[in-house]
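The values are calculated or read from the model by the stated rules, or taken from the named source; none is laboratory data. Note that the structure is a prediction, hence the values are computed from the model and not measured. Here the Cβ positions follow ideal geometry from the backbone for every residue, glycine too, while neighbour counts run over all protein chains shown.
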């Protein structure tokens with residue numbers, strides 16, 4: 001039986017990393033951001049065939065120097081979720097692979113977030129605690145410390161951030177404040193905890209400018225807390241099920257009303273609920289799904305296996321756009 005599990009795990013890892021039937025649209029080069037041509041004022045698919053494939057990708061994060069890129073890759077309706085890594089070593093990018101801390105086949109890992117100063121790596125996992133106890137469907141936030149060019153062993157962030165309820169999607173500020181999602185009473189809400197004297201304070205549920213419905217989650221906070229991007233379900237402005245909204249800080253923890261981020265990054269897709277701004281502040285990365293028929297000549301190269309392996313086949317991918325776009329949304 002153990003051998004069967006091992007073979008299944010190795011098979012799935014092979015799918016995650018790549019297989020003979022997988023055609024890369026682009027190859028990794030030595031330039032910044034995997035050698036991709038940066039976007040301007042229109043969104044572009046990020047690293048097609050490298051990061052964005054026919055599989056389910058979301059949740060991108062990077063070290064401050066952008067020499068390490070991490071993202072989530074998911075299979076089987078979230079039954080199998082791993083954090084992938086690509087590194088630039090001696091000027092050359094490695095191929096995507098499952099991060100070493102995410103190799104255990106029994107654990108679901110996702111939603112990586114590297115702190116703005118690069119000293120800590122946060123992520124979400126259902127892995128057991130130090131006593132070996134696993135809490136069914138109760139994801140916690142875990143953290144690793146930077147040690148040289150590697151990361152420490154993951155440890156549970158513990159109370160008061162983690163609780164008996166599920167916690168998700170950590171996002172960190174320059175001063176160590178953490179914003180995250182907590183499920184409560186059938187809804188999902190954004191919380192904030194300040195880091196003081198080496199400890200996190202009791203989390204505070206944010207006001208109804210941020211938590212404007214019963215379901216908002218996976219908020220990205222600007223490192224200086226000047227704005228927060230909040231994927232929100234159920235607002236009348238939404239083009240799809242969940243759309244990206246943004247609130248700007250007016251000072252003293254007063255926020256603008258939620259502003260719909262428009263059709264450049266929102267669509268009829270149901271899969272728009274994970275964003276990240278590069279630590280140099282230049283690019284907004286976001287998750288979305290689409291089926292792009294223009295990628296396929298149905299008369300000449302229609303092939304189900306090929307479509308399954310292509311990005312923009314209806315599974316979520318990662319896109320990017322110039323972060324200057326955010327400035328255009330701020331009220332005068």
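Restricting the first member to the stretch 30-48 and to residues that are under 18 Å from residue 70 (Cα atoms), and the second to residues that are part of a helix (DSSP H, G or I), the beta-carbon pairs closer than 6 Å and six or more apart or on different chains are 47/34.
Selection of the stretch 53-73 for residues being surrounded by 20 or more Cβ atoms within 10 Å (Cβ to Cβ) and at pLDDT 95 or above yields 57, 58, 59, 60, 61, 62, 68, 69, 70, 71, 72, 73.
Remark: residue 60 falls outside the filter, which requires a residue to be part of a strand (DSSP E or B) and under 20 Å from residue 147 (Cβ atoms).
Quick one: is residue 299 at pLDDT below 95, assigned to a loop (DSSP other than H, G, I, E, B), under 17 Å from residue 244 (Cα atoms) and out of contact with any strand residue (DSSP E or B) (no Cβ under 8 Å at 6 or more places or on another chain)? So residue 299 fails the test. What residue, among those in the stretch 88-104 that are surrounded by fewer than 15 Cβ atoms within 10 Å (Cβ to Cβ) and within 23 Å of residue 153 (Cβ to Cβ), is modelled with the lowest pLDDT? Step by step, filter the stretch 88-104, then rank; the result is 104. Within the stretch 151-173, track down each residue that is surrounded by fewer than 16 Cβ atoms within 10 Å (Cβ to Cβ) and either within 19 Å of the chain's Cα centre (by Cα) or free of Cβ contacts under 8 Å to residues at least 12 places away in the same chain (or both). Scanning the stretch 151-173 gives 152, 158, 159. Looking for something assigned to a loop (DSSP other than H, G, I, E, B), touching a strand residue (DSSP E or B) at 6+ places or on another chain (Cβ under 7 Å) and at pLDDT 85 or above - is there at least one such residue anywhere in the stretch 12-28? Scanning the stretch 12-28, I find no residue that is assigned to a loop (DSSP other than H, G, I, E, B), touching a strand residue (DSSP E or B) at 6+ places or on another chain (Cβ under 7 Å) and at pLDDT 85 or above, so the answer is no.
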